[in-house]
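Right, one structure below, let's go through it.
The values are calculated or read from the model by the stated rules, or taken from the named source; none is laboratory data. Everything numeric in this text was worked out from a predicted model, so none of it was measured. Cβ atoms come from the backbone with ideal geometry, glycine included; neighbour counts cover every protein chain shown.
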Amino acid sequence: MSRSSKRFCSVLIVAVLFCYAGFLVFVGWAMRQPPEKFGRIMSHIPMPAMLLFPFETMWSHARAGTVHPGDEAPDFSLPTLDHNSQVQLSSFRGRQPVVLVFGSYT
């Protein structure tokens, strides 16, 4: 292998690693976006590309959060069932206990 071939291979490897790192950073950023935006972004990435990086590990770190059992829940608001108004969690503070149940019921 000639010297110019070795140099070309080295440059090619560095370029591929740079692109891979950029892809990981981009997907990590996308994972921290609201679900609607994350879904729109990921819909444009082909499925075989998902096999090229540790998706599950990155997802666990991106969505880990900092709330622990016993901590006060962060404030948020949600629409009522009839979508005519909003209910804010902080409006219940100081009253009776509130139970939050998160899950998918589809």
Checklist entry - Any residue in segment 90-98 that is touching a Phe, Trp or Tyr at 6+ places or on another chain (Cβ under 8 Å) and surrounded by fewer than 11 Cβ atoms within 10 Å (Cβ to Cβ)? => result yes
Checklist outcome for this item: Going through segment 78-106 in order, the residues found to be within 24 Å of ARG32 (Cα to Cα), of a type in the set (A, V, I, L, M, F, W, C) and assigned to a loop (DSSP other than H, G, I, E, B) are LEU100, VAL101, PHE102
Checklist outcome for this item: Among (1) assigned to a helix (DSSP H, G or I); (2) exposed (fewer than 11 other Cβ atoms within 10 Å of the Cβ), ASP75 falls short only on (1)
Checklist outcome for this item: Expected single match for closer than 27 Å to GLY65 by Cβ, assigned to a helix (DSSP H, G or I) and at pLDDT below 85 among ALA49, ALA30, ALA21 is ALA49
